[in-house]
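Beneath this line is the structure, given in structure tokens, with notes to follow.
The values are calculated or read from the model by the stated rules, or taken from the named source; none is laboratory data. All values reported here derive from a predicted model rather than from experimental measurement. As a convention, Cβ positions derive from the backbone with ideal geometry for all residues, glycine included, and neighbour counts pool all protein chains shown. For the accessible areas, the whole protein counts, side chains as well, though only heavy atoms, and no ligand, DNA or RNA atoms are used. Shrake-Rupley method; radii C 1.70, N 1.55, O 1.52, S 1.80 Å.
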Amino acid sequence: MSQLQIGPHTVEPPVVLAPMAGITNAPFRTLCREFAATAGSPRPAAPTTAAPGSGGAARSRPEPHRGLFVSEMITTRALVERDAKTLRLIRFQDGERPRSLQLYGVDPDTVGRAVRMIVDEDLADHVDLNFGCPVPKVTRRGGGSALPYKRPLLRAILRAAVGNAGSLPVTMKMRTGIDDDHLTYLDAGRIAAEEGVAAIALHGRTAQQHYGGTADWSAIARLKEAVSEVPVLGNGDVFSAEDAVRMVRETGCDGVVVGRGCLGRPWLFADLVGAFTGGGAPARPTLKEVAAVMVRHAELLGLWLGDEARGVIDFRKHVAWYTKGFAVGSTLRQRMAMASSLAELEEHLAALDLDQPWPVGAEGPRGRTTGSRRVVLPDGWLRDPYDAAVPSDGAESDVSGG
Ligand SMILES: Cc1cc2nc3c(=O)[nH]c(=O)nc-3n(C[C@H](O)[C@H](O)[C@H](O)COP(=O)(O)O)c2cc1C
């Protein structure tokens, strides 16, 4: 399978960890990245070229990156205002490269300033822009997945981002539209290509679909045909390495973005790398192996948050995902999800039958599955797709998700 080029970054195989608010912080990205790096087959050899004037001597190019791991979304207003919590959220682990930071903003001026700040202060190596958030409190004010409906506003935001990014690649991520009667992805994709984005990721659902039903992969294929000059990344319902390979085969997309499939399963990145590089069967960890990853995840969170207890408390939301399908029992699962120290978490894990093999019940969809909901929009929002008015501040405040 071919490489994915995101500006100066070569990603091979072309697998991307989807930004997920509250999840894809530095500790989780580190776990996924480590699994990708240690996957079955040897790392693809760095291609060599003869340097001009070197008499044909081979010079090695930078090694491709085994996957791209995107941060949770950061609002541009909070970033430019140097909100303390936001500044803590954007921290990367030492050695994390490329540093992919996702931004969400509704005001071209603020987005431009946020990107300029990232460049000037060397805060990231790649900026992704989120236009897919379906949360009502955001769409109600014209933000998130409601925004691409306003073509000139979308263009202005993209232009501000790319124009301030210097050599940093800017990518965008979106849904197919507001609902089936108001699909926006083809127009948005063309606008993004014209404005010079480095790649476009499409989640094959409308905002109305939320996380219900199945993602429409045919939309990914249509986008790929419409904007052949820019890499198109497919997203939605990849829960196994086979799904990822099938998505590429069926849509012709240039890379695959995987979200919920990794929840409680960071080793999916080893499977993904293995499937695209022809090395190794999918990981089927025993509960003992899963338990070791759980402890490490909680530990990393503690180090990142600067406090063991806070790490274990933040880890609580991951417990049900890691133990999905294993015979754990609701009492122990609940106790683990209430643990406040590593010792407590380890004690509960030790009480389990750790020899259990990987269960069939752990396969398939996981994470959010909330179905169709009415998309709340500002009054008259759908009347004029060519209106460039900037949504009110509230469209950006206190949001998370995509
Ligand atoms: C818990 C959670 C948080 C999310 N947060 C974000 C986010 O911050 N930015 C974003 O663009 N998408 C976000 N998403 C959407 C995912 O990136 C992805 O588009 C979606 O889950 C579909 O992909 P999947 O089927 O592989 O999960 C989030 C999804 C979930 C489940």
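Over segment 195-322, the hull volume per residue, using the convex hull of the C-alpha atoms, is 155 Å³. Placing +1 on the Cβ of every Lys and Arg and -1 on the Cβ of every Asp and Glu, with nothing else charged, gives the chain a dipole about its Cα centre of roughly 240 debye. Highest mean packing first, where packing is the average number of other Cβ atoms within 10 Å per residue, the peptides 73-82, 363-372, 240-249 line up as 73-82, 240-249, 363-372. A Cβ-based charge dipole, computed about the Cα centre of segment 280-402 with Lys and Arg at +1 and Asp and Glu at -1, lands at about 540 debye. Ranking 115, 92, 136 by Cα position along the charge dipole of segment 78-138, where only Lys, Arg, Asp and Glu carry charges on their C-beta atoms, puts 136 farthest toward the positive end.
Put a dot 7 Å past the Cα of residue 360, heading toward its Cβ, do the same for residue 228, and the two dots end up 4.5 nm apart. Rounded to two decimals, what ratio of Rg to Rh does segment 253-304 give with C-alpha atoms and a Kirkwood Rh? A ratio of 1.04. Diffusion of segment 305-402 by Stokes-Einstein, at 25 °C in a medium of 0.890 mPa s and with Rh set to the Kirkwood radius over alpha-carbon pairs, works out to 139 µm²/s. Here the Debye sum runs over all C-alpha atoms of the chain as equal scatterers in vacuum, and log10 of I(q)/I(0) at q = 0.07, 0.09, 0.10, 0.14 Å⁻¹ comes out as -0.32, -0.53, -0.66, -1.27. Heavy atoms of the protein chains alone define the surface here; on that basis segment 213-263 has 35 Å² accessible area per residue at 1.4 Å probe size. I'd like the projected area of segment 230-384, averaged over all directions, using the convex hull of its alpha carbons. Report it in nm² with one decimal. Averaged projected area of segment 230-384's Cα convex hull equals 13.5 nm².
Packing, taken as the mean count of other beta carbons within 10 Å per residue, orders the peptides 346-354, 199-207, 83-91 from highest to lowest as 199-207, 346-354, 83-91. Only lysine pairs 8 or more places apart, or on different chains, with alpha-carbon atoms under 29 angstrom apart are counted in the chain, and they number 13.
About the centre of its Cα atoms, segment 146-259 shows a dipole size close to 340 debye [charges on the beta carbon of Lys, Arg (+1) and Asp, Glu (-1) only; nearest 20 debye].
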